[in-house]
Amino acid sequence: MQPISAEQREKAFAGSKKAEVIERQRLPVRYHVEDFQVEDRPRRFLEAFAAILKHTNYRVALDHYIRISAKCARCSVACQVYEATGDAHDVPCYRSELLLSVYRRHFTMSGVLRGRLLGDPGLTDEKIQEMAASYYDCTACRRCHFECPMGVDHALITHLSRYILSEIGIAPRALVVSTREQLIGKSGNTSGIPVPALIDSLEFLSEEMKEQRGIDIPFPVDQGGAEYLFLPAVSDYIMEADTLMGNAAVFRATGDSWTIGTGYFDGINYGLFYSDQVLEHVLVKIRAEAERLKVKKLLMGECGHASRVAKYFYPAFCGGRSAIPVMNIMEYTHQAWKQGRLKLKADTITETVTYHDPCNIARPGWIVEQPRELLKAFCSNFVEMTPNGRNNICCGGGSGTVSIDEIRPYRTTVGGRAKAEQIKATGAKYCVAPCANCKKQLRELVEDNQIDCQIVGLHDLLYKAIVFD
């Protein structure tokens with residue numbers, strides 16, 4: 001794949017990325033940036049950085065990274081953004097060095113002494129500007145982590161840098177607005193869906209399934225003592241009716257108890273993308289709903305980041321070893337199928353089908369083979385993208401960037417360029433992408449790159465293959 005030209009890159013950025021960086025400076029996230037002078041921003045950045053180091057364990061990782069980090073750029077071969085641009089500023093270790101250099105200069109004894117001796121002023125506003133731009137170019141897919149000979153987790157540094165920036169009011173408007181509505185808004189969810197609208201939508205979907213399949217397939221609401229509390233990405237209730245119908249149909253076939261809670265029903269957690277405080281507050285809301293309904297397990301919908309946050313962070317913030325178990329809906333469906341409690345009709349889908357691995361659930365090796373085994377059970381022509389599985393290529397909209405609509409040209413022509421070529425090479429009619437963010441990004445990707453492929457969820461297709469007793 002040839003790097004894009006400087007002219008192509010500038011066209012993708014025009015009116016989007018550069019304008020977004022300027023816009024971030026005016027966002028009232030936690031502080032009102034316009035309330036203090038620009039020259040105050042480095043001081044506030046360092047204060048926020050110091051507070052985070054004091055109250056978290058990020059210092060352990062940073063102390064390790066500044067001692068071992070090499071600038072060999074081996075990570076560049078795994079970065080789809082760098083492969084598309086050929087710009088050294090997009091090499092993951094260059095991006096990580098932006099924050100590591102600040103840590104060395106201001107938070108190590110040798111750095112402080114060297115700065116005094118050499119008259120180094122340290123962090124500047126220009127450096128903060130560069131970080132604000134660079135860290136939202138990264139999709140935090142973590143593919144580069146496999147290539148780093150020293151084991152540096154560049155995505156972790158991206159996350160920490162965004163966290164610090166958010167503490168001084170620099171964060172994309174799309175993420176800020178969504179999480180504000182989720183945490184303190186009237187609806188309490190990122191899509192602003194009121195409870196009456198939710199119930200109306202579920203009743204409508206049940207009626208649709210009655211007409212299509214000829215049986216009652218309910219969506220249980222506020223069922224205390226159920227086995228599972230179901231938490232899909234709340235956007236599914238607006239945009240992914242077929243996915244939700246497939247989810248409900250699986251439970252209808254297995255007969256297990258589950259429920260959707262009206263106290264809180266949003267699996268989305270954008271805190272993973274830019275703020276640990278947001279991440280924790282959302283998880284606490286989930287815990288409160290689980291305790292209210294006295295459920296035994298959390299069941300996350302087809303959403304990569306929501307599932308990863310619940311799986312790996314819910315125990316840390318909500319009870320440790322005593323926290324209730326977390327499953328993804330694909331794990332549940334695969335398990336029921338293997339146990340013989342879910343029957344699927346072979347060769348239901350005859351068109352060519354391929355599968356996209358969402359980074360957040362595939363990179364750690366958590367959910368890789370399960371969806372493939374299910375697809376092969378009822379799809380007669382399943383083809384793979386290469387590479388896939390743990391080494392998959394990101395959709396190009398990872399780490400929350402898919403929510404920033406003003407950088408869509410950049411996402412679909414630069415960040416998602418490699419994925420577009422992958423999908424096109426398969427010639428697939430359907431690309432299964434079991435993640436709300438991936439679906440949005442890939443639909444825009446195939447549209448902007450004129451690829452004839454329909455982006456669907458796993459349960460969209462599985463709904464057609466379920467055999468009810």
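The values are calculated or read from the model by the stated rules, or taken from the named source; none is laboratory data. Owing to the predicted nature of the structure, the values given are computational and were not obtained by experimental measurement. Glycine gets a Cβ as well: all are built from the backbone with ideal geometry, and neighbour counts include every protein chain shown.
Annotations
- Residue in region 442-452 that is within 30 Å of Asp266 (Cα to Cα), at pLDDT 95 or above and either surrounded by 24 or more Cβ atoms within 10 Å (Cβ to Cβ) or in the same structural domain as Asp266 (by TED's automatic domain parsing) (or both) present: yes
- Only one entry of Ala425, Ala418, Ala377, Ala436 meets the criterion of being of a type in the set (Gly, Ala, Ser), in contact with a strand residue (DSSP E or B) (Cβ under 8 Å, 6 or more places away or on another chain) and not assigned by TED's automatic domain parsing to the domain that holds Ala78, and that entry is Ala377.
- Those residues of region 212-227 which are within 29 Å of the chain's Cα centre (by Cα), surrounded by 21 or more Cβ atoms within 10 Å (Cβ to Cβ) and within 14 Å of Ala248 (Cα to Cα), in sequence order: Phe219
- Number of residues in region 213-233 that are on the phi < 0 side of the Ramachandran plot and out of contact with any helix residue (DSSP H, G or I) (no Cβ under 8 Å at 6 or more places or on another chain): the value is 2.
- Of all residues making up region 63-86, the number that are within 13 Å of Ile157 (Cα to Cα) and acidic (Asp, Glu): 1
- So Ile367, is it buried (at least 20 other Cβ atoms within 10 Å of the Cβ), among the β-branched types (Val, Ile, Thr), out of contact with any Lys or Arg (no Cβ under 9 Å at 6 or more places or on another chain) and modelled with pLDDT of 95 or more: yes
- Those residues of region 415-429 which are closer than 30 Å to Ala133 by Cβ and either surrounded by fewer than 24 Cβ atoms within 10 Å (Cβ to Cβ) or over 18 Å from the mean Cα position of the chain (by Cα) (or both), in sequence order: Arg417, Ala418, Ala420, Glu421, Gln422, Ile423, Lys424
- Looking only at residues of region 88-131 that are of a type in the set (Val, Ile, Thr) and surrounded by fewer than 18 Cβ atoms within 10 Å (Cβ to Cβ), we find that the one that is nearest to Arg411 (Cα to Cα) is Thr124.
- Region 39-62, subset surrounded by 13 or more Cβ atoms within 10 Å (Cβ to Cβ) and of a type in the set (Asp, Glu), residue farthest from Asp153 (Cα to Cα): Asp40
- Pick from region 63-87, criterion over 23 Å from Pro409 (Cβ atoms) and of a type in the set (D, E, K, R), ranking: surrounded by the most Cβ atoms within 10 Å (Cβ to Cβ): Arg74
- Considering the conditions (1) closer than 30 Å to Val278 by Cα; (2) surrounded by 17 or more Cβ atoms within 10 Å (Cβ to Cβ); (3) not basic (Lys, Arg), Val353 is excluded by exactly one of them, (1).
- Failed criterion for Arg162 (all others in (1) closer than 29 Å to Pro371 by Cβ; (2) out of contact with any Lys or Arg (no Cβ under 8 Å at 6 or more places or on another chain) hold): (1)
- Some residue of region 333-356 being part of a helix (DSSP H, G or I), acidic (Asp, Glu) and at pLDDT 95 or above: no
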